[in-house]
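Accompanying notes for the structure given below.
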Ligand code: KIV
Ligand code: ZN
């Protein structure tokens, strides 16, 4: 039978310790509400004794979240910290006090400068005091993975007897390796279940050598009932185990772990985006599950396999974590299959293999220069090819009404009064001109384009990254736009970031146009 693993999210405590990740009260409440939608079991909302602001934030989160997850906050093993936690989490429907105290030799000797027995007594007294305030108390044996096992166990035994209801085993400095950590958890779990099988065994892993997820998962396999994680793996130094990785890891292999979680994985992407935008900390592009490239395929071999059957190279469906769809990016490595598929998507049909080979060669040349090739580039390639046909030579046929939008020219004037943009766009033989003002240059530009194409599109996300360094640096713009409740992703790059912004927007509009054309072609077939 599968064990139900509890998930504690500590984005608002360990995650917020990241330099530069300071969140205001309203942002914290927004994240807490989203964590509730994600259905985590416990939210660690802060460290109330650290500042009045943190105290207030924990209190407001406890009030705002209402029914659902337990709310906890961190205390050192001292009365004033425990009081601060109690005074802030007591507004929650299900409050929990979390106490931390080191068990490793370095902590006992160098941090506390006390004997082991004195430190142990501090922990026991802290738990006894916390139990006078609330029934649910978690005790974290800080730096457990570097602690002497028998002293660690003696501490656990003593604090459980004092009333702790959850024991957390932190790999505070990311020292653990999976095999050893799994063994540590198995040994503790065996003894703990004999001592009191109601007490929950938890782990909290840091990512200093990139092993936080692996260590957390091996702990689950070896009996841990609860995992502590953060969204996007935020946290002290190299961060904590990423919630999305641990949860999806378990979801993907429930038989292997003999476990399930209650997390609503479809909310993962939304939560990741919210945390990233409010903390201002970007998610690395190749981050598992939530990075921009997590479901983007560019290799020809992979694209060919995916077009035959998605499970050839896809073990997790993007929709399962709330990502709209996988993305196929055409590059010089894309093979014939993906190229043909994309050209057909924009409405062209190859009748002669010779034409196909000829255009495929041109596509490779273009891809070598441009790195990424978009629908509008393909459209341009195909149109150029057709234009170059001699009279009497057969044109490549194309569905009617398939014209895409092309940027012809633009001018953007920015100032702090009224930023203005003028654009010229072509669709087939039609030339469209528009001007608009906006809050800033990109807003003016996008309003002008929207007016030109006559579509009610909203911009959901806009991101610029530098793809190279120096004077010739190429800026890459990634956007998400929404049209008729559906989100479309698009990108473009150029040395001029305003031009890259315009091209990305037009690429997005073309993606919508192509989808509409394919839908109406399908309806006609029916
Ligand atoms: O890393 C750590 O040891 C902690 C504890 C407070 C659980 O964050
Ligand atoms: Zn930590």
- Task: For region 143-265, count all C-alpha to C-alpha pairs, find those more than 23 Å apart, and express that count as a whole percent of the total.
- Result: 27
- With a 10 Å radius around each residue's Cβ, average the other Cβ atoms per peptide and rank 500-508, 244-252, highest first. 500-508, 244-252
- Item | Convex hull (Cα only) mean projected area of region 289-339, reported in nm² to one decimal | 3.3
- Query: Over the chain, what is the relative contact order in whole percent, taking alpha-carbon pairs under 8 Å and six or more residues apart?
  - Reply: 9
- Message: In whole Å, what are the extents of region 89-219 along the principal axes defined by its C-alpha atoms, from largest to smallest?
- Response: 39, 35, 30
- Query: What number, in nm² with one decimal, is the all-direction average of the projected area of the convex hull of the alpha-carbon atoms of region 1-148?
  - Reply: 10.2
- Per q in 0.05, 0.07 1/Å, what log10 I(q)/I(0) does a Debye calculation on the alpha-carbon atoms of the chain return? -0.27, -0.51
- Task: Going by C-beta contacts inside 10 Å, put 98, 107, 204 in order with the fewest on the left.
- Result: 107, 98, 204
- Which whole-angstrom value gives the distance between the alpha carbon centres of region 155-201 and region 74-143? 16
- Note on the structure: Share (percent) of C-alpha pair distances in region 378-505 greater than 20 Å works out to 54
- Item | P(r) histogram, all alpha-carbon pairs of region 358-398 included - 5 Å bins from 0, percent | 6, 22, 31, 21, 11, 6, 2
- Kindly work out what percent of the DSSP beta bridges joining two residues of the chain are antiparallel, to the nearest 5. 50
- Radius, Kirkwood style, for region 334-402 when every pair of distinct Cα atoms is counted (Å): 12.3
- Message: Within a 10 angstrom radius of the beta carbon, how do 173, 108 rank from fewest other beta carbons to most?
- Response: 173, 108
- Item | Nearest 10 degrees, 0 to 90: helix 212-221 Cα axis against the chain principal axis | 60
- Fewest first, what order do 231, 82 take by the number of other Cβ atoms within 10 Å? 82, 231
- Message: At 7 Å along Cα-to-Cβ for each site, give me the label-to-label distance between residue 354 and residue 417 in nm.
- Response: 6.3
- Item | For q = 0.11, 0.24 Å⁻¹, Debye-computed log10 I/I(0) when each Cα of region 166-228 counts as one equal scatterer | -0.20, -0.89
- Task: Compute the acute angle (0 to 90°) between the alpha-carbon long axis of helix 149-161 and the principal axis of greatest extent of the alpha-carbon atoms of the chain; round to the nearest 10°.
- Result: 80
- Longest principal axis of the chain (C-alpha) makes with the long axis of helix 52-65 (C-alpha) an angle, in degrees to the nearest 10, of 70
- Of 27-33, 511-517, ordering from highest average Cβ density within 10 Å down gives 27-33, 511-517
- Query: Among 454-465, 289-300, 420-431, how do they line up from the highest to the lowest mean number of other beta-carbon atoms within 10 Å?
  - Reply: 289-300, 420-431, 454-465
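Throughout, read-outs are computed from the coordinates displayed, never taken from laboratory work. Because the structure is predicted, anything quoted here is derived from the model rather than measured. Virtual Cβ from ideal backbone geometry, glycine too; neighbours counted across all protein chains shown.
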